[in-house]
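For reference, the structure is listed below as structure tokens.
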Amino acid sequence: MNWAELRDAFTFDGALLELTVEALDEHGLCTALADFPLPWTFLLDGEPAPLPDAATLRALVEGAEHTLEVNVEPAGLRLILMVNFGLPPLTAILHPNDVPDEAAFDRLTLAMTALAGPGRRIWLHPEGADLVWSHAWAVFTAERGWHPPAPPETP
């Protein structure tokens, strides 16, 4: 799928979008961010901080006493990874207005490529929607890029 096919997902109707990254644990997140192709900032309780190692990140997530975010903000695209909501899955919040054109969509795709890694799916869906294929706008994998969500296979 390309920008034109997903344009409706980025038409602001009052709701944000969520990107749900399956099976991304603290080690995978640290690895993805170490080589991330876009600028990002780690926030601990709303303040910029160095990204902790995987063990410290896990302890912070399990302690649930802190808010943890990773903000990706290249050229107007603001992608907020909500680490404190638990790993896995990791949820990212995206404002539809941040993806107004193909150039912004390309930056989003670059970020998804880094987060997806091999064999990991990322679901693009309306904020608060159940994570089922019928509620998703699209699914992203490193192998296939953006593609339509598919119903589960029946045995």
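The values are calculated or read from the model by the stated rules, or taken from the named source; none is laboratory data. These numbers come from a predicted model, not from an experiment. Please note: Cβ atoms are built from the backbone with ideal geometry, for glycine as well, and neighbour counts cover all protein chains shown. Ligands, DNA and RNA are stripped out before the accessible areas are found, and what is left, the full protein with its side chains, is counted by its heavy atoms. Shrake-Rupley method; radii C 1.70, N 1.55, O 1.52, S 1.80 Å.
Using only alpha carbon pairs under 8 Å that are at least six residues apart, calculate the relative contact order of the stretch 1-71 and give it in whole percent.
30
What fraction, in whole percent, of alpha-carbon pairs in the chain exceed 28 Å separation?
Every Cα pair in the chain considered, those over 28 Å come to 17 percent.
Quote to one decimal, in nm, the extra length available between ALA34 and GLU73 on full extension: 0.36 nm per residue of separation minus the C-alpha distance between them.
Using 0.36 nm per residue and subtracting the Cα-Cα distance, I get 12.4 nm.
Would you kindly give the portion of the calculated P(r) for the stretch 1-68 that falls above 19 Å, as a percent of all Cα pairs?
51
Fully extended, how many nm does the chain gain between THR56 and ALA129 (0.36 nm per residue separation, minus their Cα-Cα distance)?
Values: separation 73, 0.36 × 73 = 26.28 nm, distance 3.06 nm.
Between THR56 and ALA129, full extension yields an extra 23.2 nm.
Which GluC sites (Glu not before Pro) from the stretch 22-109 combine a DSSP loop assignment with at most 16 other Cβ atoms within 10 Å?
Here the sparse-neighbourhood loop sites are GLU22, GLU65.
Let me know the charge dipole size of the stretch 1-72 about its Cα centre in debye, to the nearest 20, where only the beta-carbon of Lys, Arg (+1) and Asp, Glu (-1) is charged.
180
What part of the accessible area of the stretch 20-151, given as a whole %, is carbon or sulfur when the probe is 1.4 angstrom?
The nonpolar share, carbon plus sulfur, comes to 55 percent.
Just want the answer: with Cβ charges of +1 for Lys and Arg and -1 for Asp and Glu, which residue in THR11, ALA111, GLY145 is farthest toward the dipole's positive end in the stretch 11-155?
GLY145
With charges set only on the Cβ (+1 for Lys and Arg, -1 for Asp and Glu), what does the dipole of the chain come to about its Cα centre, in debye to the nearest 20?
Charge dipole of the chain: 280 debye, to the nearest 20.
Tell me what the chain gives for mean residue ellipticity at 222 nm when only DSSP H runs of n ≥ 4 count, each as -39,500 (n - 2.57), the sum divided by the residue total, rounded to 500 deg cm²/dmol. Please list the in-between numbers first.
Details: 4 runs with 38 residues, N = 155.
Dividing the helical sum by the residues of the chain leaves -7000 deg cm²/dmol.
Using 0.36 nm per residue, how much length does the chain from ARG7 to ASP25 gain when fully extended, once their Cα-Cα distance is taken away?
Working it through step by step, the gained length comes to 3.4 nm.
Based on alpha-carbon centroids, what's the gap between the stretch 22-66 and the stretch 93-142 in Å, whole number please?
Their Cα centres are 19 Å away from one another.
Taking 25 Å as R0, compute the FRET efficiency from the Cβ-Cβ separation of HIS66 and LEU110 and round it to 0.05.
The pair HIS66/LEU110 has a calculated efficiency of 0.30.
Between HIS147 and THR41, what is the spin-label point distance in nm, taking each point 7 Å from the Cα along the Cα→C-beta axis?
Computed distance between label sites HIS147 and THR41 equals 3.7 nm.
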